[in-house]
Amino acid sequence: MKIGFLFNHSVAHQVAHSLPIAAALARFHPSVELTIFVCGGESEAEVRRLWAAFGFSETDQRISALTPPSLTSKFLAKASGDALPAERISILYRNVSRFRSLDALVVPEKTSTILKTRLGLNHLALIHTRHGAGDRAIGFDAASGRFDLVLLSGRKILRRLDEAGLLQPNGHAIVGYPKFDAVLDLPCDPVFQNDRPTVVYNPHPSPALSSWYRLGPQILEWFAVQDRFNLIFAPHVMLFARKLTVGLSPFSVSTVPDVPSAAENLSHIHIDKGSAKSVDMSYVRAADIYLGDASSQVYEFLIEPRPCIFLNPNGHDWQGNPDFAHWQAGPVVDNLDEMKTALVNSLMAPTAFGGTQEELFAESFDLTDQPSSQRAADAIVSWLGRNRQDNQC
């Protein structure tokens with residue numbers, strides 16, 4: 001079997017969702033001919049760093065550099081606020097011959113489906129690892145149904161894809177969450193040198209869903225002048241990737257407000273706009289309280305039930321809406337005063353939502369004694385083997 005793993009996003013937040021599966025294939029299925037495709041930047045650096053953490057060499061010959069995107073595509077991506085995945089599309093067009101000999105290509109994103117729909121690689125099995133276990137509508141759109149095999153983290157994802165009619169017959173497997181295999185053994189160092197409770201504020205980049213555009217700077221200014229909490233400001237890595245952000249599903253456009261200067265260089269506020277610690281669960285593991293809106297990272301935070309507070313300055317009608325199922329894990333607040341009250345209440349009753357949080361986590365992540373990455377590797381090899389037999393018959 002010839003199996004490729006593609007990492008063509010400009011930043012590194014998707015790497016840990018599929019590279020652990022490649023490592024499991026290398027260990028447990030050595031007969032597989034494995035290629036890990038990279039294309040420079042933060043993503044490639046994270047691939048090589050994490051591959052070495054798994055016990056392989058950063059210069060492993062199985063890591064193969066693709067022809068980079070065109071300059072025109074880089075301009076279009078920047079001009080569109082990355083709403084148009086021009087660079088990723090350019091990479092696919094410029095490297096289509098590299099994928100032609102593969103039996104399967106494993107990807108954490110959905111742009112790669114054009115290899116079948118536009119570039120004629122109908123024989124190529126596209127395998128989707130997804131990235132994150134969140135509830136946003138875009139995770140269950142039509143493009144989510146264009147894969148031959150989808151690896152699912154848990155029953156929630158299976159149910160929603162099935163309800164939307166997006167699962168191929170015999171084209172899915174529940175495997176757990178391979179990212180956990182990559183990050184949970186990392187040391188969780190304290191961020192602050194005091195005993196205050198620590199809040200992690202994790203706004204999403206989408207202007208229609210994020211709390212940052214309407215309320216975020218005010219939140220940081222308030223944390224700057226209070227003396228009861230520490231704050232880790234660790235937004236989704238794409239929030240500050242562009243000055244102009246364009247969101248999809250729903251469509252929205254906005255300039256990104258800057259971090260207020262009053263919140264900078266303070267001993268009780270840590271600001272990280274997108275380092276490796278923003279994507280390896282360092283901050284959600286170090287925090288006592290989660291403050292956010294639409295990011296799927298809340299589910300990673302809930303690996304240990306703790307207080308959550310959700311910000312709704314955009315006035316979403318969220319109750320009963322599966323796209324906001326995670327808002328059942330804590331109080332939903334509309335403004336700064338309500339947030340302050342919720343923070344105090346979370347200290348007085350930290351387990352108030354514990355039962356609901358455990359249920360949400362169990363629905364999102366099907367975890368067993370076997371590592372998720374190994375379950376995913378076994379599922380890929382088994383599925384490809386069955387397909388070969390079917391084709392021969």
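The values are calculated or read from the model by the stated rules, or taken from the named source; none is laboratory data. Note that this is a predicted model, so its numbers are computed, not measured. A quick note on method: Cβ atoms are made from the backbone with ideal geometry, for glycine too, and the neighbour counts reach across all protein chains shown.
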>> Let me confirm something: among Glu87, Glu163, which residue is charged (D, E, K, R) and closer than 25 Å to Cys39 by Cβ?
In response: Glu87
>> Looking at region 161-211 only, could you name the residues that are under 23 Å from Arg49 (Cβ atoms) and among the aromatic types (Phe, Trp, Tyr)?
In response: Tyr177, Phe180
> Taking the stated definitions as given, is Val284 β-branched (Val, Ile, Thr), buried (at least 18 other Cβ atoms within 10 Å of the Cβ), within 20 Å of the chain's Cα centre (by Cα) and assigned to a loop (DSSP other than H, G, I, E, B)?
Replying inline: no
> Among the residues of region 230-279 satisfying the criterion of being buried (at least 16 other Cβ atoms within 10 Å of the Cβ), part of a helix (DSSP H, G or I) and among the aliphatic types (A, V, I, L, M), which is modelled with the lowest pLDDT?
Replying inline: Ala276
> Here is a list of conditions, (1) in contact (Cβ under 8 Å) with a residue 40 or more places away in the chain; (2) over 21 Å from Gly154 (Cβ atoms), and Glu363 meets all of them except one; can you say which number that is?
Replying inline: (2)
> Which one of the conditions (1) under 17 Å from Val107 (Cα atoms); (2) polar (S, T, N, Q); (3) surrounded by fewer than 20 Cβ atoms within 10 Å (Cβ to Cβ) does Ser153 fail to meet, given that it meets all the rest?
Replying inline: (3)
>> If I go through region 296-324 residue by residue, how many of them are among the small types (Gly, Ala, Ser) and in contact with a Lys or Arg (Cβ under 9 Å, 6 or more places away or on another chain)?
In response: 1
> When only residues in region 107-132 that are of a type in the set (D, E, K, R) and more than 20 Å from Met1 (Cβ to Cβ) count, which is surrounded by the most Cβ atoms within 10 Å (Cβ to Cβ)?
Replying inline: Arg130
> Under the condition of being surrounded by 18 or more Cβ atoms within 10 Å (Cβ to Cβ) and small (Gly, Ala, Ser), which residue from region 19-48 is farthest from Leu186 (Cα to Cα)?
Replying inline: Ala26
> Ile138: surrounded by fewer than 18 Cβ atoms within 10 Å (Cβ to Cβ) and aliphatic (A, V, I, L, M), yes or no?
Replying inline: yes
> So which residues in region 28-48 are in contact (Cβ under 8 Å) with a residue 40 or more places away in the chain, part of a helix (DSSP H, G or I) and of a type outside the set (Asp, Glu), if there are any at all?
Replying inline: Phe28, Val47
>> Let me confirm something: among Glu338, Glu304, which residue is farther than 24 Å from Ala16 by Cα and surrounded by fewer than 19 Cβ atoms within 10 Å (Cβ to Cβ)?
In response: Glu338
> Any idea which of (1) modelled with pLDDT of 95 or more; (2) part of a helix (DSSP H, G or I); (3) surrounded by fewer than 19 Cβ atoms within 10 Å (Cβ to Cβ) is the one Trp51 doesn't satisfy?
Replying inline: (3)
> Taking region 357-393 as the search range and keeping residues that are surrounded by 15 or more Cβ atoms within 10 Å (Cβ to Cβ) and hydroxyl-bearing (Ser, Thr, Tyr), which one is farthest from His17 (Cα to Cα)?
Replying inline: Ser364
> Does Phe301 satisfy the criteria of being within 20 Å of the chain's Cα centre (by Cα) and either within 18 Å of Ser211 (Cα to Cα) or charged (D, E, K, R) (or both)?
Replying inline: no
> Between a first residue in region 231-242 that is within 10 Å of Ser295 (Cβ to Cβ) and a second residue that is β-branched (Val, Ile, Thr) and in a loop (DSSP other than H, G, I, E, B), which pairs have beta carbons less than 7 Å apart while being 6 or more apart in sequence or on different chains?
Replying inline: Leu239/Val256
>> Could you list, ordered by first residue, the pairs with Cβ atoms under 6 Å in which the first is in region 194-219 and over 17 Å from Val253 (Cα atoms) and the second is of a type in the set (S, T, N, Q), at least 6 apart or interchain?
In response: Arg196/Asn230; Thr198/Asn230; Asn202/Ser295; Asn202/Gln297
> For His204, are the conditions met, namely being outside the structural domain of Ala16 (by TED's automatic domain parsing) and in a loop (DSSP other than H, G, I, E, B)?
Replying inline: yes
> Is there a residue in region 90-106 that is surrounded by fewer than 21 Cβ atoms within 10 Å (Cβ to Cβ) and either within 19 Å of the chain's Cα centre (by Cα) or within 26 Å of Val256 (Cα to Cα) (or both)?
Replying inline: no
>> Suppose we filter region 1-27 for residues that are closer than 21 Å to Arg388 by Cα and part of a strand (DSSP E or B); how many remain?
In response: 4
